Amino acid sequence: MEITDVSMTTVTMAARSATKKVINSPETCVDDNLRGVVAVYPALRLHPKHRVITLRAKTDSGRVAILGGGGSGHEPFAGGLVGRGMIDGAVAGGIFASPPTGHVLYGIAQLYKYNSGGVLVIIGNYTGDRLNFGKAIEKAKIAGIKVEGLIVGEDVASSHNKTGGRSMVGEVIFYKLCGAMALKGYDLATIKSNAAEANKYMATLGVCLSACSLPGQPALFEIADDEMELGAGVHGEAGIKKMKLGTAKEVVKIILDQILDHLKLKAGDRVAVTVDNLGGTSYLEMNIVSAEAKDYFESRGIRVERVFAGHLKTSLEMHAFQICVLHLNKTHGDMWLELLDAPTGALGWTGGEASKRGEDVHGDDETLLQTDGLKLTSGPSLTIEQQDILRGCLTAAANQLVRSEDLLNKLDSAILSYLETASLEYPSNVLWQLSEIAETDMGGTSGGIYSLGLSAASQALASATTNEPSAWLSAWERGMQAITKYGGAEAGDRTMLDTLHTAAATFRSNLNQDLGDLMRKTSSSAEAGCRATAAMTAKAGRASYVASGYVHDEDAGARAAAIWLQAVLDFIAEVCKV
């Protein structure tokens, strides 16, 4: 495949530095890539002098073989799509450059050697491919090889061109349709005719958020942070229009409005949708785009029979995606759908059994978790006066967190809301409810840690026979043990446990002292335990993933634990003064 519209970037490219890639050299990257394909998938055969990958064969299959190919840089296209049920061979050119005629001719001859039904060559609609593949086909016919070529292209952005739209990810769909037909025993003329008909009912359009770069060179063009290119190609060329970047829903609508109009789709029609990752789009983005595409059609009464998504025909590391739509018309739609569903051994195809449409029944089974995990009355109960003290402790802790810039995210407001109506008669139930709040309102790792500790402490209080400080200490220690068991951290690892362990040790050694003194000494130890983390090397938690040179202050989790723990202890100490 040839590079288009690169000349206009020459001046600006010189002023920008080359982007980073893990390769041996720009000169060897294509051949190194092909070696990698067969290293990972040794069932395939590499013909290195001609940059051809084929299925391994020893005898004549008697059927038609499908040959694909084009420039490199689009992986897994095309070598990664070689497999039973897709293409039988692929010819690789240089990065974004059409393979030479001689290499294509070799690929045709190699496939015909083991597939006497003939060879169908799928040709991307680019000038270089049309010329080089076309010349190879004519030479093969002169040599007596039964071969036909089919030029395919479905790009909406370039559909006004005299030669038709560029070949985008739809080329991969033709690999799948033709490969499945070949495996079913269709003859050469029928496969070509059916594929040509499908081309009339296919359209692709995409957007680009950031450009790719050729190995050893800078990005091919620039896009502002708040912009996107509509209709960008797969060779690093810019799109037909710059637009402001919107939400996934808005961007998908922009794309599909044009496809809808191009294919003249209406309510009651059926489609198969392919969302192609052009290299640098995250799985998260791809899933969101796929969902929005499905919602777009179904909100308009158009039935989405299949959604395929993934890296199919890429453009190196380009942060972009395309949406390809195949209208499953009344005449051929069922057959095309059957061919798309047919099994294949090609490593790059993302469809499969899980892609088939089933019942659209989604939702949660709300009956599964309809239990609080504890009886409503478990463990020792508190007097009204003790409940007031507990309420004051929790309120003080929550208010202190509010003043400490949301160190524990939404936990502070959730606790205050809970206290407005909660019964505090049974502390084991209170801790259990707090563990649920930590899980649902905090979320993330912190929420999990606090939820584990509080639920374990709750179970300890549920089996206690008294509300004495020793019972609360046992619950405290049980909570720390649970955090260590599942979180992996221990005292000295520069985490919240350093605050909790230091304070708990002081609490245990002063159990026989006056309650007020016990609270004040424990509070001081909590502060000391927290401050000590500033000199520690992180061995667990997120900070352990960062080089020690970047970690200077006390651990944030240890400080958060000190804030709420000191608030509770100081509140009780003040109550004891009264």
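The values are calculated or read from the model by the stated rules, or taken from the named source; none is laboratory data. Values in this document were obtained by computation on a predicted structure and should not be read as measured data. Don't worry about glycine lacking a Cβ; one is built from the backbone with ideal geometry, like all the others, and counts go over all protein chains shown. We work out accessible area using only protein heavy atoms, side chains counted, and drop any ligands, DNA or RNA first. Shrake-Rupley method; radii C 1.70, N 1.55, O 1.52, S 1.80 Å.
Amide H contacts for Gly93 (H built 1.01 Å from N in the peptide plane; partners 5 or more residues away or on another chain; cut-off under 5 Å): Gly70, Gly71, Ser72. In order along region 202-214, phi translates into HN-Hα couplings of 10, 8, 9, 8, x, 10, 10, 9, 8, 7, 8, 9, 5 Hz, rounded to whole numbers, per the Karplus curve 6.51 cos²θ - 1.76 cosθ + 1.60 with θ = phi - 60° and x for Gly and Pro. The residues of the chain have, on average, 46 Å² of accessible surface per residue, using a 1.4 Å probe with all protein chains present. Computed over region 67-146, relative contact order equals 31 percent, with contacts defined as Cα pairs under 8 Å that lie 6+ residues apart. Modelled this way, with points 7 Å down the Cα-to-C-beta line, the labels at Lys141 and Arg45 are 2.7 nm from one another. Straightening the chain between Thr383 and Lys539 buys 51.9 nm, computed as 0.36 nm per residue apart minus the Cα-Cα spacing. In order along region 421-427, the Karplus-derived 3J(HN,Hα) couplings, from 6.51 cos²θ - 1.76 cosθ + 1.60 at θ = phi - 60°, round to 10, 6, 8, 10, 5, 10, x Hz, and Gly and Pro are given as x. For region 346-359, backbone phi angles converted through the Karplus equation (6.51, -1.76, 1.60; θ = phi - 60°) give residue-by-residue couplings of 5, 5, x, 7, 9, x, x, 4, 5, 7, 5, 6, x, 6 Hz, Gly and Pro being listed as x. Counting only DSSP H runs of at least 4 residues, each contributing -39500 (n - 2.57), and dividing by the residue count of the chain, the helix-based mean residue ellipticity at 222 nm comes to -14000 deg cm²/dmol.
Among the GluC sites (Glu not before Pro) within region 391-478, those in coil by DSSP and having at most 12 neighbouring Cβ atoms inside 10 Å are Glu405, Glu420.
So if R0 is 60 Å, what FRET efficiency would Ile23 and Ser524 give, r being the distance between their Cβ atoms, rounded to the nearest 0.05? Calculated value: 0.55.
For Val147, the amide hydrogen comes within under 5 Å of the amide hydrogens of Val119, counting only partners 5 or more places away or on other chains and with H modelled in the peptide plane.
Take the Cα of Asp31, step 7 Å toward its Cβ, do the same at Asp334, and the gap between the two points is 5.2 nm. Pairs from the list Lys141/Lys192; Lys162/Lys249; Lys253/Lys313; Lys200/Lys242; Lys135/Lys184; Lys20/Lys176 with a Cα-Cα gap above 25 Å: Lys162/Lys249; Lys200/Lys242; Lys135/Lys184; Lys20/Lys176. Considering region 137-176 at the alpha-carbon level, its Rg and Dmax are found to be 13.5, 39 Å.
Centre-to-centre separation between the Cα atoms of region 94-137 and those of region 481-534: 72 Å. Shown is the FRET efficiency for Asp553 and Arg303, computed with R0 = 51 Å from the Cβ-Cβ distance and rounded to the nearest 0.05: 0.35. Computed extension gain for Arg391 through Asp187, at 0.36 nm per residue and net of the alpha carbon distance, reaches 65.4 nm.
Taking 18 Å as the straight-line reach from the Cα of Lys577, the aspartates and glutamates in range (excluding those fewer than 8 positions away in the same chain) are Glu385, Asp388, Asp514, Asp517. Backbone amide hydrogens, once placed in the peptide plane, bring Val307 within less than 5 Å of Val273, excluding anything fewer than 5 places away on its chain. Residue separation of Asp364 and Glu250 scaled by 0.36 nm, minus their Cα-Cα distance, works out to 38.3 nm of gained length.
Taking every DSSP bridge with both residues inside the chain, close to 55 percent are antiparallel. Measuring nothing but protein heavy atoms, the accessible surface of region 102-169 at 1.4 Å probe radius is 53 percent carbon and sulfur. Between Thr440 and Asp257, the FRET efficiency estimated from the beta carbon spacing at R0 = 30 angstrom works out to 0.20. Carbon and sulfur atoms: what percent of the 1.4 Å accessible area of region 229-384 do they account for? Looking at region 229-384 in its full context, I get 55 percent from C and S.
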